[in-house]
1. Taking the conditions exactly as written (at pLDDT below 95 and either part of a loop (DSSP other than H, G, I, E, B) or under 30 Å from Tyr121 (Cβ atoms) (or both)), does Ser227 satisfy them or not?
2. Those residues that are under 24 Å from Glu76 (Cα atoms) and in contact with a Phe, Trp or Tyr (Cβ under 7 Å, 6 or more places away or on another chain), I need them from the range 109-144; list them, please.
3. Just the residues that are outside any loop (DSSP other than H, G, I, E, B), over 29 Å from Lys150 (Cα atoms) and free of Cβ contacts under 8 Å to residues at least 60 places away in the same chain, please, taken from the range 85-128.
4. Identify, from the list Ala43, Ala54, the residue that is of a type in the set (Gly, Ala, Ser), touching a Leu at 6+ places or on another chain (Cβ under 8 Å) and at pLDDT below 95.
5. Are any residues in the range 187-219 of a type in the set (Phe, Trp, Tyr) and within 29 Å of Phe153 (Cα to Cα), and if so, which ones?
6. Do we find a residue being more than 12 Å from the chain's Cα centre (by Cα) and farther than 22 Å from Lys194 by Cβ anywhere in the range 93-104?
7. Looking at the range 179-188, is at least one residue of a type in the set (Asp, Glu), touching a Pro at 6+ places or on another chain (Cβ under 8 Å) and surrounded by 15 or more Cβ atoms within 10 Å (Cβ to Cβ)?
8. Just to be sure, is Glu176 part of a helix (DSSP H, G or I), farther than 30 Å from Asn230 by Cβ and in contact (Cβ under 8 Å) with a residue 12 or more places away in the chain?
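The values are calculated or read from the model by the stated rules, or taken from the named source; none is laboratory data. Since this is a predicted model, take the numbers as computed values, not measurements. Here the Cβ positions follow ideal geometry from the backbone for every residue, glycine too, while neighbour counts run over all protein chains shown.
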Amino acid sequence: MEKTSSNQLAQKLKKTWQAYFKEFIMLFLAISLGFFVENQREAYVERKSAEVLAQSMLADLERDKKALEEAIQFIEDKDQKIGQFIEMLRSSESTWDTLAFYQSMTKVFSTFPFLPTDGTYTQMKSSGTLRYFDQQLVNKMNAYDNQMKKTLFRDSLVERGEWDLVPLAGTLFNFEVTGEMRFGKSPTKEMYLKIKDQDTLDLFINKIMVVRTMSGRSLQEYNAQLSLANGLIEALNQR
């Protein structure tokens, strides 16, 4: 009788242990499956988010590319006009064309700064979603952003050079005329010139040359920015 009770207890314990083991296995599999499904869901969400962000950044880059191409064309034209202006200023004053003088000064003071569209990259950087992309692509994005800082800094130097020219220029010719010309109007005010001596002319030319030099440096940065934009566009399209 005692032996039978012991056997029954052993069998009962065995069944209980087996039941616990099965429950453990089922629970383990359920948790593992849950983790797997969650990981798959997160991976899917990240892939879809990366696709949306990539398309948004491509749109930003296409706008940047167009703006850069227009800015490059503007600076190249400005540099040519300034070169012709310097040649005129170095020639005999009796040969100067007053209208051409005012047209040239309007060009010197005209700007076409590059205004980047960096909303998507800024959003990705602040939200941590750059992790959705492989490191090589992220490196290209960071390189483009770093170049952007250099490009905008160079633009600020051009503007500084132009403002530095203003006080002297204001004593030499009529800003009312350049103001009219800047908006495509025919001049209605007096086009006077008050360059009285060679020292004033030399200083005037030097300040114009500062603007030209700074614009030339901006042109270099624009070309570098455009090259990186093209490379990043290609990389995003190939991902």
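1. For Ser227, the condition - at pLDDT below 95 and either part of a loop (DSSP other than H, G, I, E, B) or under 30 Å from Tyr121 (Cβ atoms) (or both) - is not met.
2. Matches in the range 109-144: Phe112, Phe114.
3. Glu87, Met88, Ser94, Thr95, Ala100
4. Ala54
5. Within the range 187-219, Phe204 is the sole residue that qualifies.
6. We begin by selecting, within the range 93-104, every residue more than 12 Å from the chain's Cα centre (by Cα); these are 93-104.
After this cut, where a residue has to be farther than 22 Å from Lys194 by Cβ as well, the list is none.
No, because not a single residue in the range 93-104 is more than 12 Å from the chain's Cα centre (by Cα) and farther than 22 Å from Lys194 by Cβ.
7. Of all residues in the range 179-188, those of a type in the set (Asp, Glu) come to 180.
Next, only the ones that are touching a Pro at 6+ places or on another chain (Cβ under 8 Å) stay: 180.
Adding the requirement that they be surrounded by 15 or more Cβ atoms within 10 Å (Cβ to Cβ) leaves 180.
Yes, that holds for at least one residue.
8. Values: part of a helix (DSSP H, G or I): yes; farther than 30 Å from Asn230 by Cβ: yes; in contact (Cβ under 8 Å) with a residue 12 or more places away in the chain: yes.
Yes; evaluated as a whole, the condition is true for this residue.
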